[in-house]
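The block underneath contains the structure these notes are about, expressed in structure tokens.
The values are calculated or read from the model by the stated rules, or taken from the named source; none is laboratory data. Since we're looking at a predicted model, the values are computed, not measured. As a convention, Cβ positions derive from the backbone with ideal geometry for all residues, glycine included, and neighbour counts pool all protein chains shown. Note: accessible area is taken over every heavy atom of the protein model, side chains too, but ligands, DNA and RNA are not part of it. Shrake-Rupley method; radii C 1.70, N 1.55, O 1.52, S 1.80 Å.
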Amino acid sequence: MQAQMKDTMLNTCELKSKSIDMKNKNDIEQDISSVQTVGKPFSNKAKMSMRNVDVFYADKQAIFDVSLDIGKNEVVAMIGPSGCGKSTFLRCLNRMNDTIDSCKISGDLKLEGENIYAPEQDVVPLRARVGMVFQKPNPFPKSIYDNVAYGPKVHGLATSRSELDEIVETSLRKASLWEEVKDRLLSPGTGLSGGQQQRLCIARTIAVSPEVILMDEPCSALDPIATAKIEELMAELSENYTIAIVTHSMQQAARVSHRTAYFHMGKLIEVNDTKRVFTNPEHDLTEAYITGRFG
Ligand SMILES: Nc1ncnc2c1ncn2[C@@H]1O[C@H](COP(=O)(O)OP(=O)(O)OP(=O)(O)O)[C@@H](O)[C@H]1O
């Protein structure tokens, strides 16, 4: 029902845009250097807060002065044309970009007020607190059980086999996979379907009790049925976790998120309640993107 309503919102916006006299694509893109973020980038219950973030790959700047909060138990969707910097920004939130030598990040990035780029910050526990689910399901070449048990073992979260069993079961239940795999926990994770593998990766992320889950196009390799399951799961997970998701699907952003952030050429153009972004965007660039004028 909610999904239908949001799909209708998208259609409404498309109709509305046809009657608007917009600048052409080149004019819009020439204005980009002076653009300031509009809308509601901040939250009064921020779980993560990012301020004035710049990211360079060698001498090429990919993110320009981005400031954004992600509220506790909020789902924030990041959308925008290919190459606009969504994944780069997302990967700053758990220091995944540290693995790229040429990548340099500046600005203030905080988790619960703690500077995640402080020299004393250990990235291993950080990445447990801020977990990540990737575009392509990437289970370890291990059993279903061991995929989920691996993180808790590494982080010393279980003191006995029965505690570990409990974490594995609870994580698989939270990822809506338990019923499908409970009789074959020792089978390889890679033997599951793509959608099941992605839910296994979500279970693996949940198993180390993250506070934030980052999702980088988590459904792009999945069919519509598996996608629907992951979207349902996101709604359930948002009751206990804070989620930031990069998606190319505007319908998906509309269905799963509370606020939507629109990126364009490395700048954060607009952040607003998702309903607002898809029915009455504040910025011309957002409107041009969601009505298909570029992307
Ligand atoms: N490892 C890298 N080395 C150099 N440049 C990179 C690297 N990763 C990304 N970039 C560049 O940074 C810019 C932003 O890329 P990014 O992947 O963050 O965009 P995106 O919005 O997530 O794109 P897409 O939707 O296509 O995944 C692009 O110009 C891209 O070419």
Filtering the range 53-82 down to residues that are touching a residue at least 60 places away in the same chain (Cβ under 8 Å), open to solvent by 10 Å² or more (accessible area, probe 1.4 Å) and either within 15 Å of the ligand (Cβ to nearest atom) or out of contact with any His (no Cβ under 8 Å at 6 or more places or on another chain) (or both) yields GLN61, ALA62, PHE64, ASP65, SER67, LYS72, ASN73, PRO81, SER82
Are any residues in the range 33-52 closer than 15 Å to ILE243 by Cβ, open to solvent by 10 Å² or more (accessible area, probe 1.4 Å) and not charged (D, E, K, R), and if so, which ones?
SER43, ALA46
Can you tell me which of THR274, THR260 is of a type in the set (Val, Ile, Thr), under 18 Å from GLY39 (Cβ atoms) and more than 13 Å from the chain's Cα centre (by Cα)?
THR274
Do you know which of the residues in the range 274-295 that are polar (S, T, N, Q) and in a loop (DSSP other than H, G, I, E, B) is surrounded by the most Cβ atoms within 10 Å (Cβ to Cβ)?
THR291
I need the full set of residues from the range 158-168 which are of a type outside the set (Val, Ile, Thr) and either in contact with an Asp or Glu (Cβ under 7 Å, 6 or more places away or on another chain) or touching a residue at least 12 places away in the same chain (Cβ under 8 Å) (or both), in order please.
LEU164
Filter the range 193-215 down to residues that are open to solvent by 10 Å² or more (accessible area, probe 1.4 Å), touching a residue at least 60 places away in the same chain (Cβ under 8 Å) and in contact with a Leu (Cβ under 6 Å, 6 or more places away or on another chain), then give me how many there are.
0
Could you please let me know if PRO218 is within 14 Å of the ligand (Cβ to nearest atom) and either of a type in the set (Ser, Thr, Tyr) or assigned to a loop (DSSP other than H, G, I, E, B) (or both)?
yes
Matching residues in the range 87-98 - criterion: being open to solvent by less than 10 Å² (accessible area, probe 1.4 Å), within 13 Å of the chain's Cα centre (by Cα) and within 13 Å of the ligand (Cβ to nearest atom)
PHE89, LEU90, CYS92, LEU93
